[in-house]
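Accompanying notes for the structure given below.
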Amino acid sequence: MRVFPWGFWLLCVASAPARGDSGSKARSCAEVRQLYGAKGFSLSGVPQAEISGEHLRICPQGYTCCTSEMEENFANKSQTEFEAMMKESGRSVQAILTAQHRSFDSYFQDLLNKSEKALYDAFPSMYGELYTQNVKVFKDLYSELRRYYRSSNINLEEALNEFWTRLLERLFKLLNLQYHITDEYLDCMVKHAEQHKPFGEVPRDLKVRATRAFIAARSYAQGFLVGSDVVKKVSQVSLSHECTRAIMKLMYCPHCRGMSSVRPCNNYCLNVVKGCLANQADLNTEWKYLMDSLIGVADRIDGPYNVDTVIGTIHMRIAEAISNLQENKDSITSKVFQGCGNPKISAKGSSSEDKKRRGKVTLEAKSSAQALEMLVLDAKGNLTALKTYWITLPSSLCSKKVMASSSSDDKCWNGMTKGSYLPQVMGDGLANQINNPEVEVDITKPDMTIRQQIMQLKIMTNRLGNANIGNDVDFQDTSDDVSGSGSGDSCPDDVCGKRLSKSPSTRQPETNAIPKQSGHGVNGASSSRSLPSASLLLLLSVAVIAKHHLWR
């Protein structure tokens, strides 16, 4: 019976290992040798032609151009290169945030410097000795304002109150040199100052407006730095062992299989990278809140808080206050004498007329509102673009760095061979990787470094929320939880209300996760049901033919 030799031949064909598209002739390993050498490895021991791949532990065990040593070297190289991709991508975001901080910081410092310079230039002519004998009081004020803006632990309201108190004490003595004014008398005078309002409404009005402006400006500038620091620290998180294997399989296994020209399937790449960056994707919710909060404070800075007008006219408000004291000197002095008694006449007293302003000098504020408007507009555009950074990172890396094929390509590297990739793309975040077919992810063990950075984002968002309603926050207290510290305990509804009403755990994934299929084998393409192998089909065919001949 001739069926048995023929059937035996069919069985041999069915069980023979595939060699790709080149037939039975062993393919050259020239391309892999060239790549391997270009990566800085020695070509000693690198095969000239394909060899059997039973030794491989990551790549498919068919005919291969890679030895065990090459596979290990490629795995280490893929880890180094992928981590470098992450850092490079992170640096681009850091550069944007740092540039925004630098631009605003330069603008704000310039506003403060111009106001201080205008005061130094005009006050000697306007107030004579009233200014020259009290220069330190003014210098100390601007110094305290700068320290507060740079996040020093300073109570801004107290600093402003201290300025007006010191200024009043010195000016009152200079305007009343004919009297012997003791420190005890000045203490009494200061106690009645709120009632007499020697500087008019300027101190109260400036305190309200300047406090809001400085709080907003400080939080705004700090927000950019915190965002940049989070990106830097997260970009330095190392890949897991499972992720390294998956990246190696994605990037270098096609070379080992003699398919150097075949690009990875796009969805295959997405599943690998989403699995590797599962923890990073969990930053998305708080990251978006930070970006939205920065945009909200930017609108305040260029809107109700009017930083340009408030900060740029501090010297003018001080001049207004001094003028008010001078113009109402007699009335104020009389009220102080009534409340604190008449001080003794000073033996070296002299007329105070020459201590008044020597001439009328007009103070003008040079508006830079247009510059601020452009700064805010540019910042809002960049912040809006960065909102989805963490969840779009996988697709960005796959398309720009890994150079994956188009999603419609059915002749791409699918992890096993050249063909289509059937598994669905996983959702974003750690919880959605439970059934990732490419990377084994332990969803019960979140990365602690990234969890710490999520907390930093929450703290900064809370600070910005407080700044949005004019509440001060202690920037040195980084051990805070999301409830914050300082004078403000709550965020406005439009900033924190949404955050408190949503939980990251309730976020719906963009695509559904599917169970890992047991049929993900020789061609790397899993489907919703297990398909019979080619060998089984051939065996069934042999059995049918043999039965037919036997019956005959």
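The values are calculated or read from the model by the stated rules, or taken from the named source; none is laboratory data. Just so it is clear, the model here is predicted, and its values are computed rather than measured. Don't worry about glycine lacking a Cβ; one is built from the backbone with ideal geometry, like all the others, and counts go over all protein chains shown. Surface accessibility is based on the protein's heavy atoms, side chains included, excluding ligands, DNA and RNA. Shrake-Rupley method; radii C 1.70, N 1.55, O 1.52, S 1.80 Å.
Applying a threshold of 8 Å to beta carbon distances and a minimum spacing of six or more residues, or different chains, the list of pairs starting in segment 61-86 at a residue that is in contact (Cβ under 8 Å) with a residue 40 or more places away in the chain and under 22 Å from residue 269 (Cα atoms) and ending at one that is open to solvent by 50 Å² or more (accessible area, probe 1.4 Å) and in a helix (DSSP H, G or I) reads 75/245.
Considering only segment 239-251, I want to know if a residue exists there that is open to solvent by 30 Å² or more (accessible area, probe 1.4 Å), of a type in the set (Asp, Glu) and over 24 Å from the mean Cα position of the chain (by Cα).
First, the residues of segment 239-251 that are open to solvent by 30 Å² or more (accessible area, probe 1.4 Å): 240-242, 245, 249, 251.
Filter once more, keeping what is of a type in the set (Asp, Glu): 242.
Then drop every residue that is not over 24 Å from the mean Cα position of the chain (by Cα), which leaves 242.
There is at least one residue in segment 239-251 that is open to solvent by 30 Å² or more (accessible area, probe 1.4 Å), of a type in the set (Asp, Glu) and over 24 Å from the mean Cα position of the chain (by Cα).
Is it the case that segment 132-140 has a residue that's under 20 Å from residue 324 (Cα atoms), open to solvent by 10 Å² or more (accessible area, probe 1.4 Å), assigned to a helix (DSSP H, G or I) and out of contact with any Asp or Glu (no Cβ under 6 Å at 6 or more places or on another chain)? Yes, because at least one residue in segment 132-140 is under 20 Å from residue 324 (Cα atoms), open to solvent by 10 Å² or more (accessible area, probe 1.4 Å), assigned to a helix (DSSP H, G or I) and out of contact with any Asp or Glu (no Cβ under 6 Å at 6 or more places or on another chain). A residue that is in contact (Cβ under 8 Å) with a residue 60 or more places away in the chain, part of a loop (DSSP other than H, G, I, E, B), out of contact with any Leu (no Cβ under 6 Å at 6 or more places or on another chain) and aliphatic (A, V, I, L, M) occurs somewhere in segment 231-243. Answer with yes or no whether residue 442 is open to solvent by 20 Å² or more (accessible area, probe 1.4 Å), within 23 Å of residue 236 (Cα to Cα) and free of Cβ contacts under 8 Å to residues at least 60 places away in the same chain. Answer is yes for this residue.
Contact map, segment 321-341: residues that are free of Cβ contacts under 8 Å to residues at least 40 places away in the same chain and of a type in the set (S, T, N, Q) paired with residues that are open to solvent by 60 Å² or more (accessible area, probe 1.4 Å) and outside any helix (DSSP H, G or I), Cβ distance under 8 Å, separation 6+ or inter-chain. Pairs shown: 323/357.
Suppose we filter 101, 55 for residues that are in a helix (DSSP H, G or I) and of a type outside the set (Ser, Thr, Tyr); which single one remains?
When all the criteria are applied, what remains is 101.
The residues listed here are 262, 273; of these, the one that is in a helix (DSSP H, G or I), over 30 Å from residue 114 (Cβ atoms) and β-branched (Val, Ile, Thr) is 273. Of everything in segment 143-183, what is over 30 Å from residue 217 (Cα atoms) and in contact (Cβ under 8 Å) with a residue 24 or more places away in the chain? Give them in sequence order. Those that are over 30 Å from residue 217 (Cα atoms) and in contact (Cβ under 8 Å) with a residue 24 or more places away in the chain: 170, 171, 172, 174, 175, 176, 177, 178, 179, 180, 181, 182. Quick check, is residue 116 under 28 Å from residue 379 (Cα atoms), in contact (Cβ under 8 Å) with a residue 24 or more places away in the chain, within 37 Å of the chain's Cα centre (by Cα) and part of a helix (DSSP H, G or I)? Yes: the conditions hold for residue 116.
Is it fair to say residue 439 is under 18 Å from residue 240 (Cα atoms), assigned to a loop (DSSP other than H, G, I, E, B), of a type in the set (A, V, I, L, M, F, W, C) and modelled with pLDDT of 95 or more?
yes
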